[in-house]
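Asker: Sharing a structure here in structure tokens format.
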Amino acid sequence: MPNIPLAAVLDNDSYNNENSVLRAEHENLRIEYILAEDPKSIFKMKRILKNNGVIIICIDGNTGSGKDSNDYTAKLLNSVVNVRSGSFRLLSMTKKPFFPVLANGDILQIYDKCYVEKSNIGVSIEYLYRTFNNLLKENPYLWRFWYIYHKQVHLWNDPPPINEGDIIPREMWFTFLEKSGEKVGLEVSTGRVYKMDS
């Protein structure tokens with residue numbers, strides 16, 4: 001097997017929650033971990049690509065270092081979310097392709113390679129999120145990031161009218177409080193998220 005540099009870009013939470021057995025397997029495969037929140041992450045990724053390496057990036061966590069000065073938006077389910085653009089801009093600069101890979105349970109669905117042009121970064125993002133959307137609608141219970149979905153929302157939906165005494169089935173809704181005290185509602189059947197009255 002050729003000595004191809006391999007790296008996986010993870011958010012801090014995913015890295016800290018990865019079990020020791022899986023981490024040991026990755027180390028045996030000589031996979032380098034790059035934390036998305038690390039200010040040097042983009043330079044580490046550039047080095048891997050320069051050496052014709054392969055980088056696995058979980059884009060659904062949508063984390064990175066600092067504030068993205070060139071973020072984009074994309075439709076995810078029935079909301080519009082902010083999307084960090086650093087990885088896409090890096091691909092356009094290095095002229096390296098990406099392969100969308102969706103994990104559907106134990107099955108990996110690999111799509112045709114795509115190149116990102118500086119002038120069409122938004123098109124690449126829309127294509128990737130559209131592909132993700134289709135799978136998410138089929139199997140919403142498989143997504144690991146429902147708990148931070150609302151943090152990515154760019155345009156909020158108007159909350160539906162709820163009258164005093166209305167009973168809402170638990171499987172239809174989740175509500176939770178942010179640290180700020182803001183109450184957020186998630187309508188599971190549609191993926192809409194709302195800022196709720198406390």
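The values are calculated or read from the model by the stated rules, or taken from the named source; none is laboratory data. All values reported here derive from a predicted model rather than from experimental measurement. Positions of Cβ are generated from backbone atoms using ideal geometry, with glycine treated the same way; all protein chains shown enter the neighbour counts.
Asker: Any idea which of Ile48, Ile59 is surrounded by 13 or more Cβ atoms within 10 Å (Cβ to Cβ), at pLDDT below 85 and either of a type in the set (A, V, I, L, M, F, W, C) or in contact with a strand residue (DSSP E or B) (Cβ under 8 Å, 6 or more places away or on another chain) (or both)?
Answerer: Ile59
Asker: Separate question: Is there any pair with a first residue in the range 130-141 that is over 15 Å from Asp106 (Cβ atoms) and a second that is at pLDDT below 75 and of a type in the set (Asp, Glu) whose Cβ atoms are under 8 Å apart and which are 6 or more apart or on different chains, and what are they?
Answerer: Phe132/Asp60
Asker: Can I ask one more? Restricting to the range 36-93, and then to whatever is among the small types (Gly, Ala, Ser) and assigned to a helix (DSSP H, G or I), can you tell me which residue is farthest from Tyr15 (Cα to Cα)?
Answerer: By that ranking, first place goes to Ser92.
Asker: Restricting to the range 24-45, what's the tally of residues that are modelled with pLDDT under 70 and surrounded by 13 or more Cβ atoms within 10 Å (Cβ to Cβ)?
Answerer: Count: 1.
Asker: Please pick out the residue among Val123, Val153, Val193 that is in contact with a strand residue (DSSP E or B) (Cβ under 7 Å, 6 or more places away or on another chain) and at pLDDT 75 or above.
Answerer: The conditions single out Val153.
Asker: Would you be able to tell me the number of residues in the range 113-133 that are loosely packed, with under 14 Cβ neighbours inside 10 Å and farther than 27 Å from Trp146 by Cα?
Answerer: The number of residues fulfilling the criteria is 5.
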